[in-house]
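Colleague: Dropping the structure in here first, questions after.
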Amino acid sequence: MSDKTSNRMWGGRFAAGPDAIMEAINASIGFDQRLAAQDIAGSRAHAAMLAATGIISDSDAEAIREGLLTILSEIEAGEFAFSTALEDIHMNVEARLKDLIGDPAGRLHTGRSRNDQVATDFRLWVRDQIDAATEGLRALIGALLTQAEAGADWVMPGFTHLQTAQPVTWGHHMMAYVEMFSRDLSRFTDARVRMNESPLGAAALAGTSFPIDREMTAKALGFDRPMANSLDAVSDRDFALEFLAHASICAMHLSRFAEELVIWSSAQFRFVTLSDRFSTGSSIMPQKKNPDAAELIRAKIGRIFGANVALMTVMKGLPLAYSKDMQEDKEQVFDAADNLMLALAAMTGMVGDMTANREALRAAASAGFSTATDLADWLVRELGLPFREAHHVTGALVALAEKKGCDLPDLSLSELQTGHEGITQEVYSVLGVDNSVASRVSYGGTSGERVREQVARWKEQLA
């Protein structure tokens, strides 16, 4: 192959040839610099332990500590020059530490490897994201509780197949999402407990011959204990996969709610009005108010799902212990975490700002034969009909109302009695939507009484 052909193949930024390509594919500093704070925290804990166990001198440990704090300040101030040639955050920090303090910097890496170092950094970072997600979920649940409490008795249609089913209350609908997001909160909380073990000290894969104290470093970094197997410690990414799995379920819940907000805010429904802060106008149609924040939340689930699948695919064929494939574990987790937090914040803002249109909700609840089940239940309860027969009678009366172009409560008593002669005037007490929702007093039901009980329970739990 000629040099001319070779240059065409490498092309563009890789005109320098294979060395440039290897540097580009091998380097992770472009993204793992986000681990800087965690990397420095891990190094500080490691250096303190090395001094406490007599592996390095106190003076070297103090120099390392001061140097690392200087580096952290430089990074936070945006004054740190990251180098692709130094591959990753660990080598960038170590090289700068050597510039600052000289020979003692070389003693920092005693008794550890980049393998356990990156596993520790990444675990600390994901733990921070779990904490952020739980706070975000608590804020969203709080906003939903406020909506639920205000509208505990507001009647709206409940849907199945997006068809009017039975009347429910606005508060009950909001509380359904409280339950969903509370399970997300629980999943993240559980995952944090499982992942809170320290890989630091596992070294490359087999541990170390130095008399390190892994309990000390684990405690210093807020872990419950060191991981019990060094092979597992450097090769495990379950904690990141679990974060992505839970983020995916949470994003799915956010997407479902976002879909409802898109539908509800349309001119055809008019169930809710979203604030201008979370809507946009059209460039050509002045009447438009687009629920863009909800639509973008609905779309972000693809990125989060994709991150989950991507990391599963990276990990699925790796033998123990570490392989360079695992460098591909971070970018998708970073992206998923960013988008989850943005979606949670946007949804919290929308829920806090949105206004329910009580008149439109009530009108929709009163249409579409939403009290048909109440009529069937009344026939069973008051006339002793078997439910299947009551269902048949109710279906015939729905057909009659549909033919007349009215709803069930609009039928006269004589018309209702064409379905069954035993029907009395009392049946109208169950055909109103208010009576319907008030009657649903079973645990978990839609009545205002049950909604207020659940709101109180959740407020107590959150407090």
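Colleague: Can you pull out the residues in segment 424-463 that are open to solvent by 20 Å² or more (accessible area, probe 1.4 Å), under 30 Å from R183 (Cβ atoms) and not in a helix (DSSP H, G or I)?
Modeller: R440, V441, S442, Y443, G444, A463
Colleague: Sticking with this one: With respect to L200, is the statement that it is closer than 18 Å to D121 by Cα and in contact (Cβ under 8 Å) with a residue 24 or more places away in the chain true?
Modeller: Judged against the criteria, L200 is a match.
Colleague: Name the pairs: first residue in segment 183-194 and within 10 Å of F243 (Cα to Cα), second residue part of a helix (DSSP H, G or I) and of a type in the set (S, T, Y), Cβ to Cβ under 7 Å, at least 6 apart or on different chains?
Modeller: F188/T134
Colleague: Can you name every residue in segment 369-399 that is touching a Pro at 6+ places or on another chain (Cβ under 9 Å) and loosely packed, with under 15 Cβ neighbours inside 10 Å?
Modeller: Quick first cut of segment 369-399, residues touching a Pro at 6+ places or on another chain (Cβ under 9 Å) only: 370-371, 374, 380.
Answer for segment 369-399, where residues must be touching a Pro at 6+ places or on another chain (Cβ under 9 Å) and loosely packed, with under 15 Cβ neighbours inside 10 Å: there is none.
Colleague: Another question, if that's okay. Out of E74, E66, which single residue is open to solvent by 70 Å² or more (accessible area, probe 1.4 Å) and either modelled with pLDDT of 95 or more or assigned to a loop (DSSP other than H, G, I, E, B) (or both)? Lay out the reasoning, then the answer.
Modeller: On the way: E74 fails: open to solvent by 70 Å² or more (accessible area, probe 1.4 Å).
After applying the criteria, what remains is E66.
Colleague: Hey, A152 hits all of (1) open to solvent by less than 60 Å² (accessible area, probe 1.4 Å); (2) within 25 Å of H246 (Cα to Cα) but one; which does it fall short on?
Modeller: (2)
Colleague: Would you list the helices (runs of 4 or more DSSP H) that sit entirely within segment 169-239 and hold 2 or more residues that are of a type in the set (G, A, S) and touching a helix residue (DSSP H, G or I) at 6+ places or on another chain (Cβ under 8 Å)? Before the answer, list the steps.
Modeller: Values: elements: 170-195, 214-220, 230-235.
Fully inside segment 169-239 and qualifying: 170-195, 230-235.
Colleague: Pick from segment 388-423 the residues that are assigned to a loop (DSSP other than H, G, I, E, B) and in contact (Cβ under 8 Å) with a residue 12 or more places away in the chain: which of them is nearest to the chain's Cα centre (by Cα)? Working first, answer last.
Modeller: Taking segment 388-423 as the starting set, the residues that turn out to be assigned to a loop (DSSP other than H, G, I, E, B) are 405-407, 411-412, 417-423.
Cutting the leftovers down to in contact (Cβ under 8 Å) with a residue 12 or more places away in the chain gives us 407, 411, 418-420, 422-423.
Working: D407: 42, L411: 48, T418: 54, G419: 51, H420: 52, G422: 54, I423: 51 Å.
Selected residue: D407.
Colleague: Still on this structure, please answer the following. For segment 154-176, check the following and say yes or no: at least one residue is among the hydroxyl-bearing types (S, T, Y), out of contact with any Phe, Trp or Tyr (no Cβ under 6 Å at 6 or more places or on another chain) and within 28 Å of L311 (Cβ to Cβ).
Modeller: no
Colleague: Another question about this same structure. Name the residues in segment 406-419 that are open to solvent by 30 Å² or more (accessible area, probe 1.4 Å) and more than 19 Å from P157 (Cα to Cα), would you?
Modeller: Matches in segment 406-419: S412, L413, S414, E415, Q417, T418.
Colleague: Now, a different point. Just the residues that are under 17 Å from the mean Cα position of the chain (by Cα) and among the small types (G, A, S), please, taken from segment 311-339.
Modeller: Result: A336, A337.
Colleague: Considering segment 23-63 alone, what residues qualify as being crowded, with 16+ Cβ neighbours inside 10 Å and without any contact (Cβ under 8 Å) to a residue 12 or more places away in the chain?
Modeller: A51
The values are calculated or read from the model by the stated rules, or taken from the named source; none is laboratory data. In this text, all values refer to a predicted model and were calculated from it rather than measured experimentally. A quick note on method: Cβ atoms are made from the backbone with ideal geometry, for glycine too, and the neighbour counts reach across all protein chains shown. Only protein heavy atoms, including side chains, enter the accessible area calculation; ligands, DNA and RNA are left aside. Shrake-Rupley method; radii C 1.70, N 1.55, O 1.52, S 1.80 Å.
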